[in-house]
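Novice: The structure that follows is given in the form of structure tokens.
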């Protein structure tokens, strides 16, 4: 398995170079280094000298992909793309265009992102599985049909609607929790309740429908029939026999997202004033801060690849028939 | 049902125990709102808190509470008036000829003006680790190792703090820092044109800074001097300016000229601190009424009253003066009292307007601006067009304060364009016709919720040269009838258009409809509505308007290159002087002639206007200056390089516990004058935010009943299965 993991890590290198290249091309198609300088330096009193010194200090005075002013390998090496990409692969994110240490900012913002994303993920997983099992228990009943209609309705509504309605009802009208904000520690629990609730509710429709279909595929299998034949109660059949066997496809979809939880939620963090990595990325895009954008895209790609590797590993743990080679 | 009631009853009994005196939805730690703390918000993280770099109003709102430039604006006096802040008196100005000999202020031989500044002797910096010295007199935290920085995440984490007195060298040091090109001062290039020796010094110090940085050494600027900036002693400083530049006094009230202690500059150049984001750009060191204790730009900024703050008192005005200046008498009650009143200020990041507005209504923010979304809820417009508070706001005890901002948003013609530009009578008439057809009153009503007034020229109210009433009316676009301005009719516009060679919008030469191009960044639903309106304004004259949408970067590029025809733009005043608006139309600042750096983006060039501008900009306010400004206004109104758009109106809502908030378009260091009644705030917050528990109980009831029904159904099924099995 170690050989497999090493191979997967090596495969990741060209993928990350590709992602980085695409980020470069897309970003610099829209923003020239001069535009970035202007965005950072403000609209007033911006002179060519000021722009030139800003670019020189941050290395944006280099050509993007090919440097004609030098000879040999430096023609490729002494370019913005290579210089910036090399540091990324060493996980040196450097300074943002507004001269803040990106690594320090990422470290500080990871906790608020996780404070929302992790509980949302766990509670949603638990809720969705429980509800799906319940629907399987009452399959074909009015309850099952009604819940399926509700699930489709929940899926059809935009996530923003839940945020606005949640803030209106729970914060503005009923005064249960603060409408936005964040604090670390136990004092901060009241701030994360609403975003977590909204995250769980918004994902319940698709989650329940998906898990229900997985469980329904299993319910007619021989081992279930055997369990029933042994005289086990339906609840015991569901939890002791159906659930462990239904977990494998669920894991496929779930493990892959675990590393990405660190990246936070772009919309949720913005609406609830959570100082996480999601809002960090949005702010950087708005401020045309390329240093942060490329760091976050790179980090997101790395975490996604880690998620895929973890998924593969989890197969071997849950299904003895699968082995990695 | 019995089991449900059995489960619910204890909950009903226990619930009141959870209902505390502090509202559940309070976004602040328990008891904090009872303190003498002001709660405010910021919509985007400040990019810079270095006074050298910062050039945006949201950053100045914080920085100006911390740093003290030599001058400030009087809080109550109108029109805006400068007064000493850290000086004993207003700067004394002497005039010199080319040989450095003192001459009369009105002499034609004036080659230099020298500003003499005398500092107060009782001003001390906030406590800061940069000032701590060891027993040998060396800076204790001047050479911090990685080990020494363990556990240090903020300036407040240092074990020792100290202060020192403000000296004249600190102001000179700030100007020297400005000269270092690597520091990216936005005003360096402008100031080089005025401060004697700054350009030469900048070139030299930039080289030195480059070498020092390459070696990883700290650059201490004390050993270097600018020819025109002289530190006479600890309390006296002089700055020599090329020629006359009366506006320099306004610059002396801006944060660019705030003092920088050399200790702080050297302290923050240490690599270990930079790696922890502890820099002068994030942790200011000032002498102001407040100092920064929390700097988390993604969440909270917290200011605390500076214990070393010098004596400063709330300004006084006589009731007669107040009436004359339009200042409410409620603003006078704290006259003569020691400042500041508020002990702490908490700024919370609120990117979205809905949470910001809701928190204001819940009493968790002490003041709020009126956004487009909240306008209808907050403001009512009477039949006569008067703006006032809505009934619900009045009921909550909220007050509304409005002020015309020293800004202008206009529709610019590119004067270099062959169709809309030029100075022929026909070209002028085309622009005049378009100016009449643009119904600014309708625009303000539809798109600004009446939060603005139609501009009559480039100068907004409050700026010297702005005239109200008939005298201030733009005769090209308006007529003065029955004591009010009336927009000229469409027929008049059409007549002008015909005289311009486009009868009914058809070119007399080609016989084709006149088609104009408008560059914009507006997108989305709001943008589309605005562009539809814009098209209609031109269609009234038969002109076809083609909208060219691009992103902001491309739009700016087009304006810089002069490839636009029509576009909308705006300007916010730096200081309350007409020069700061009229230079937007000065030919020497034309964008296409200055490689895109000039501020005159419409590329307007009228030699007569330029001559008058040169004359006016060096003059102090006087009837003679006013006469020149009026001539200039007449010229630009006739030439019509802009459709004189709108001067926006700012609206601020405050709760009844918030006192002394007076909109001031120029001053930023006004927090020290504000006062709050924290006990009233707590009372109202509790009154307005009781948790509504009925929905919670109903929800619990539904869940419990649902579970019970499911359990029964399951039991029934199991039993029927068993029976079936038998």
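Novice: Given the residues B:144, B:139, B:166, which is the only one that is in the same structural domain as residue B:209 (by TED's automatic domain parsing), under 23 Å from residue A:108 (Cβ atoms) and in contact (Cβ under 8 Å) with a residue 24 or more places away in the chain?
Specialist: Criteria check complete, one pass: B:144.
Novice: Right, another one. Working only within the stretch B:448-457, note down all residues that are more than 20 Å from residue B:437 (Cβ to Cβ) and either surrounded by 19 or more Cβ atoms within 10 Å (Cβ to Cβ) or under 20 Å from the mean Cα position of the chain (by Cα) (or both).
Specialist: Across the stretch B:448-457, the qualifying residues are B:449, B:451.
Novice: Look through B:690, B:607 and report the one residue that is within 14 Å of chain A (Cβ to nearest Cβ), loosely packed, with under 15 Cβ neighbours inside 10 Å and over 30 Å from the mean Cα position of the chain (by Cα).
Specialist: Answer to the selection: B:690.
Novice: List the number of the failed condition for residue B:664; all other conditions in (1) in contact with a helix residue (DSSP H, G or I) (Cβ under 9 Å, 6 or more places away or on another chain); (2) more than 14 Å from chain A (Cβ to nearest Cβ); (3) touching a residue at least 60 places away in the same chain (Cβ under 8 Å) hold.
Specialist: (1)
Novice: Of B:601, B:568, which residue is assigned by TED's automatic domain parsing to the domain that holds residue B:416, in contact with a helix residue (DSSP H, G or I) (Cβ under 6 Å, 6 or more places away or on another chain) and closer than 20 Å to residue B:416 by Cβ?
Specialist: Unique residue meeting the criteria: B:601.
So that you can scan it fast, the table gives a plain yes or no per residue for (1) touching a strand residue (DSSP E or B) at 6+ places or on another chain (Cβ under 6 Å); (2) outside any helix (DSSP H, G or I); (3) touching a residue at least 24 places away in the same chain (Cβ under 8 Å):
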| position | (1), (2), (3) |
| --- | --- |
| A:231 | no, yes, no |
| A:240 | no, no, no |
| A:310 | no, no, yes |
| A:321 | no, yes, no |
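Novice: While we're looking at this one, here's another question. How about the stretch A:1-103: which helices (runs of 4 or more DSSP H) wholly inside it have at least 1 residues that are farther than 30 Å from residue B:187 by Cβ, modelled with pLDDT of 90 or more and out of contact with any helix residue (DSSP H, G or I) (no Cβ under 6 Å at 6 or more places or on another chain)?
Specialist: Correct list: A:2-30.
Novice: Anything in the stretch A:27-62 that is touching a strand residue (DSSP E or B) at 6+ places or on another chain (Cβ under 9 Å) and facing chain B (nearest Cβ under 7 Å)? List them, or say none.
Specialist: Passing the criteria: only A:44.
Novice: May I ask you to verify whether residue A:208 is modelled with pLDDT of 90 or more, over 25 Å from residue A:267 (Cβ atoms), away from chain B (no Cβ under 14 Å) and in a helix (DSSP H, G or I)?
Specialist: Here the answer is no, as residue A:208 does not meet what is asked.
Novice: Still on this structure, I have one more. Looking only at the stretch B:251-275, which residues are touching a strand residue (DSSP E or B) at 6+ places or on another chain (Cβ under 7 Å) and more than 30 Å from residue B:153 (Cβ to Cβ)?
Specialist: B:252, B:253
Novice: A further question on this structure: Determine the pairs where a residue that is more than 12 Å from every other protein chain (Cβ to nearest Cβ) and at pLDDT below 95, located within the stretch B:21-48, has a partner that is in a loop (DSSP other than H, G, I, E, B) and crowded, with 16+ Cβ neighbours inside 10 Å with Cβ atoms under 7 Å apart, the partner being 6 or more residues away or on another chain.
Specialist: B:33/B:26
Novice: Then there is this: Could you look through the stretch B:498-531, keep only residues that are assigned to a helix (DSSP H, G or I) and more than 39 Å from the chain's Cα centre (by Cα), and pick out the one that is surrounded by the most Cβ atoms within 10 Å (Cβ to Cβ)?
Specialist: Filtering the stretch B:498-531 for residues that are assigned to a helix (DSSP H, G or I) and more than 39 Å from the chain's Cα centre (by Cα), the one surrounded by the most Cβ atoms within 10 Å (Cβ to Cβ) comes out as B:505.
Novice: Name every residue in the stretch B:201-230 that is away from chain A (no Cβ under 11 Å), under 20 Å from residue B:112 (Cβ atoms) and surrounded by 14 or more Cβ atoms within 10 Å (Cβ to Cβ), in order of residue number.
Specialist: Within the stretch B:201-230, B:201, B:225, B:226, B:228, B:229, B:230 meet the criteria.
Novice: Residues B:348, B:330, B:279: which one is touching a residue at least 60 places away in the same chain (Cβ under 8 Å) and farther than 22 Å from residue B:658 by Cβ?
Specialist: Within the list B:348, B:330, B:279, the selection yields B:279.
Novice: Tell me which residues, restricted to the stretch B:170-200, are within 13 Å of another protein chain (Cβ to nearest Cβ) and in a helix (DSSP H, G or I).
Specialist: Those that are within 13 Å of another protein chain (Cβ to nearest Cβ) and in a helix (DSSP H, G or I): B:178, B:179, B:181, B:182, B:183, B:188, B:189, B:190, B:191, B:192, B:199.
Novice: From the list A:226, A:281, which residue is assigned to a helix (DSSP H, G or I), free of Cβ contacts under 8 Å to residues at least 24 places away in the same chain, surrounded by 19 or more Cβ atoms within 10 Å (Cβ to Cβ) and away from chain B (no Cβ under 11 Å)?
Specialist: A:281
Novice: Suppose we filter the stretch A:131-151 for residues that are part of a helix (DSSP H, G or I) and loosely packed, with under 13 Cβ neighbours inside 10 Å; how many remain?
Specialist: Number of matching residues: 3.
Novice: Out of all the residues in the stretch B:539-549, is one or more crowded, with 16+ Cβ neighbours inside 10 Å, in the same structural domain as residue B:602 (by TED's automatic domain parsing) and within 30 Å of residue A:41 (Cα to Cα)?
Specialist: Within the stretch B:539-549 (the criterion being crowded, with 16+ Cβ neighbours inside 10 Å, in the same structural domain as residue B:602 (by TED's automatic domain parsing) and within 30 Å of residue A:41 (Cα to Cα)), the answer is yes, since at least one residue qualifies.
Novice: Only one of these conditions is not met by residue B:567: (1) in contact with a strand residue (DSSP E or B) (Cβ under 8 Å, 6 or more places away or on another chain); (2) more than 12 Å from chain A (Cβ to nearest Cβ); (3) surrounded by fewer than 18 Cβ atoms within 10 Å (Cβ to Cβ). Which number is it?
Specialist: (3) is the only condition that residue B:567 fails.
Novice: Here's something else I'd like to know. Which residue, of A:253, A:246, is buried (at least 17 other Cβ atoms within 10 Å of the Cβ) and either more than 12 Å from chain B (Cβ to nearest Cβ) or not in a helix (DSSP H, G or I) (or both)?
Specialist: A:246
Novice: Within the stretch A:179-187, identify whether any single residue is surrounded by fewer than 19 Cβ atoms within 10 Å (Cβ to Cβ), part of a loop (DSSP other than H, G, I, E, B) and either more than 8 Å from every other protein chain (Cβ to nearest Cβ) or in contact with a strand residue (DSSP E or B) (Cβ under 7 Å, 6 or more places away or on another chain) (or both), and answer yes or no.
Specialist: Yes: the stretch A:179-187 contains one or more residues that are surrounded by fewer than 19 Cβ atoms within 10 Å (Cβ to Cβ), part of a loop (DSSP other than H, G, I, E, B) and either more than 8 Å from every other protein chain (Cβ to nearest Cβ) or in contact with a strand residue (DSSP E or B) (Cβ under 7 Å, 6 or more places away or on another chain) (or both).
Novice: Residues of the stretch B:277-294 being within 10 Å of chain A (Cβ to nearest Cβ) and either touching a helix residue (DSSP H, G or I) at 6+ places or on another chain (Cβ under 6 Å) or not in a loop (DSSP other than H, G, I, E, B) (or both), which ones?
Specialist: Across the stretch B:277-294, the qualifying residue is only B:277.
The values are calculated or read from the model by the stated rules, or taken from the named source; none is laboratory data. Quick caveat: nothing in here was measured; it's all calculated off a predicted structure. When we count neighbours, we look across all protein chains shown, and the Cβ atoms used for this are built from the backbone with ideal geometry, even at glycine.
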